[in-house]
Amino acid sequence: MHIDKIRGHQMDQLFKAMLELKDIEECYLFFDDLCTISELQSLAQRLEVAQMLKLKKTYDTIQHETGASTATISRIRRCVDYGSGGYDIVLNRLYPELDNPK
């Protein structure tokens, strides 16, 4: 599992810090200090791509709407299909209808 490669004190500290954030405004403040704008945009883009993949959008549509490269979309597709399940956890909580499409 890839998780074991990153597990450690520094990552635990980062994730615990994230769990301490109380609202979106605190997230903006923390992540503004922690990451570059480019890093944040990349993370946000990846989550959007994962959501669109779960909605069965085509690569062309995803690329057009998010600006993500086909290589990025393919990598995220592998994570959505065969990864640790992190995208599913978050997306199903944010958008419960994705877990049970009608």
Longest principal axis of the chain (C-alpha) makes with the long axis of helix 9-20 (C-alpha) an angle, in degrees to the nearest 10, of 80 degrees
Bin all alpha-carbon pair distances of the chain at 5 Å intervals from 0 and give each bin's fraction as a whole percent.
-> 2, 11, 17, 20, 22, 17, 9, 2, 0
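Between residue 16 and residue 78, what length in nm is gained on full extension when 0.36 nm per residue of separation is reduced by their alpha carbon distance? Could the numbers behind the result be given before it?
Values: separation 62, 0.36 × 62 = 22.32 nm, distance 2.70 nm.
Taking 0.36 nm per residue and subtracting the Cα distance, the gain is 19.6 nm.
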Kindly write out, for region 65-82 in residue order, the coupling ³J(HN,Hα) from the Karplus curve 6.51 cos²θ - 1.76 cosθ + 1.60 (θ = phi - 60°), rounded to whole Hz, with x marking Gly and Pro.
-> 7, 10, x, 6, 6, 5, 5, 5, 4, 5, 4, 5, 4, 4, 5, 5, 7, 10
Report the trypsin sites (Lys or Arg not before Pro) located in region 1-93 that are in a DSSP loop and have at most 16 other Cβ atoms inside 10 Å of their Cβ, or state none.
-> 7, 22, 56
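Roll a 1.4 angstrom probe over the protein heavy atoms and tell me the percent of accessible area of the chain that is carbon or sulfur.
Values: 4440 of 8110 Å².
Solvent-exposed carbon and sulfur of the chain make up 55 percent of the total.
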Roughly how many Å² is the accessible area per residue of the chain, as a whole number, for a 1.4 Å probe?
-> 80 Å²
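The values are calculated or read from the model by the stated rules, or taken from the named source; none is laboratory data. Model, not experiment: these values are computed from the prediction. All Cβ positions, glycine included, derive from the backbone under ideal geometry; neighbour counts span all protein chains shown. Calculation scope for accessible area: heavy atoms of the full protein, side chains included, ligands and nucleic acids excluded. Shrake-Rupley method; radii C 1.70, N 1.55, O 1.52, S 1.80 Å.
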